[in-house]
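Here's the structure, in C-alpha cells; my notes come after.
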Amino acid sequence: KLEKMYSLGVRSFAIFFDDIWGEGAKGDKQAGLLNYATDQFVRKHRDVRPLILCPTQYNKSWSSGDYLSTLGNTLYPEIRIMWTGNSVVDMIGKQDMKWINSQIKRKAFIWLNYPVNDYCQSRLLMGKTYGNDLDIYDMVSGFCSNPMEYAEASKVSLYSIADYTWNMPQYDSEASWQHAMEALMPTCKEAFGFFCMNNVDL
C-alpha cells in the first residue's frame, strides 16, 4: 500500500491506531510495525519523511500502563507521535507538553481536535481559536488541525491556526479572527462576523 501511494506522489505517511483494541493496541506491536515500515519502506526512499504514528492512547485521560513509555523506548527516534492533549478535545498547554514528551522521549506531534464538531453536531464552530499556550513552539514536532466536515466553514479557524503555528508568541486570537473573516468574506465582513459570532462552541 505504501509503495502504491508513493507511486502516486505521496511523500509523507501516517499510520493510525486510534479507536482499536486487542493485539493491535499493544505498544510493542505497534512500535515493531512502525520500525519495520521504516526499515523496509521509508529508508529505501530518500525523499520520504519520517512516519507519523497516531497511538491508541492519544490523550492523557485514556493513557494507562506502560503503553506510552513503551512507544518512547522502542520506536525509532525519528518517528513522530500524535497527541490531542489531556482529553480527546482539548487545547494544548506547556505543562501538558512536558508530561507527554517525557513519556514518549520525543516532541509530540499535536493533533488539535478543533474545529471538528462531531461531538456537537448541532452547531458550526466558527468562533475565535484560542486556548493553546503561546510558548510551546520548541516543544512540538508538528501541529495539525482536525477540521469540520464543512470545508468552507472550517476556514475561519484554519486561518487562525495557520497564524498561531506561524508565530506563536505573537498570536492574537481576536485579531486573527477578524483578519480571517475579512479575508474570507471581504465584501460582507460585518454580516459574516455576525454569523460567526452565533456559531461557536458554547
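The values are calculated or read from the model by the stated rules, or taken from the named source; none is laboratory data. Keep in mind that this is a model prediction, so the values were computed, not measured. Glycine also receives a Cβ, built like all others from the backbone with ideal geometry; neighbour counts cover every protein chain displayed. Only protein heavy atoms, including side chains, enter the accessible area calculation; ligands, DNA and RNA are left aside. Shrake-Rupley method; radii C 1.70, N 1.55, O 1.52, S 1.80 Å.
Details
- Taking first residues from the stretch 1-30 that are over 16 Å from L53 (Cα atoms) and in contact (Cβ under 8 Å) with a residue 24 or more places away in the chain and partners that are surrounded by fewer than 16 Cβ atoms within 10 Å (Cβ to Cβ) and of a type outside the set (A, V, I, L, M), the Cβ contacts under 7 Å between residues at least 6 apart in sequence or on separate chains come to Y6/H45.
- The set of residues in the stretch 51-62 that are of a type outside the set (K, R) and surrounded by 17 or more Cβ atoms within 10 Å (Cβ to Cβ) comprises L51, I52, L53, C54, P55, T56, Q57, Y58, N59.
- Index of the failed condition, T70 passing every other in (1) modelled with pLDDT of 95 or more; (2) out of contact with any helix residue (DSSP H, G or I) (no Cβ under 8 Å at 6 or more places or on another chain); (3) of a type in the set (S, T, Y): (2)
- Candidate set: the stretch 64-78, residues that are over 29 Å from P169 (Cβ atoms) and of a type in the set (G, A, S); chosen: the one surrounded by the most Cβ atoms within 10 Å (Cβ to Cβ): S69
- Sole residue being open to solvent by less than 50 Å² (accessible area, probe 1.4 Å), of a type in the set (A, V, I, L, M, F, W, C), within 21 Å of I136 (Cα to Cα) and in a loop (DSSP other than H, G, I, E, B), chosen from I81, I92: I92
- Only listed residue being more than 16 Å from the chain's Cα centre (by Cα), among the aliphatic types (A, V, I, L, M) and surrounded by fewer than 20 Cβ atoms within 10 Å (Cβ to Cβ), chosen from A162, A183: A183
- Just so you know, in the stretch 14-36 the residues that are out of contact with any strand residue (DSSP E or B) (no Cβ under 7 Å at 6 or more places or on another chain) and of a type in the set (A, V, I, L, M, F, W, C) include one that is surrounded by the fewest Cβ atoms within 10 Å (Cβ to Cβ), and it is W21.
- Complete set of residues in the stretch 69-98 that are of a type in the set (A, V, I, L, M) and more than 17 Å from the chain's Cα centre (by Cα): L71, L75
- Selected residue [modelled with pLDDT under 95, open to solvent by 70 Å² or more (accessible area, probe 1.4 Å) and assigned to a loop (DSSP other than H, G, I, E, B)] from R11, R46: R46
- From the list N199, N132, N86, the one residue that fits, being in contact (Cβ under 8 Å) with a residue 12 or more places away in the chain and touching a Ser or Thr at 6+ places or on another chain (Cβ under 7 Å), is N86.
- Within the stretch 100-112, restricting attention to residues that are touching a residue at least 24 places away in the same chain (Cβ under 8 Å) and open to solvent by 10 Å² or more (accessible area, probe 1.4 Å), the residue that is nearest to I81 (Cα to Cα) is F109.
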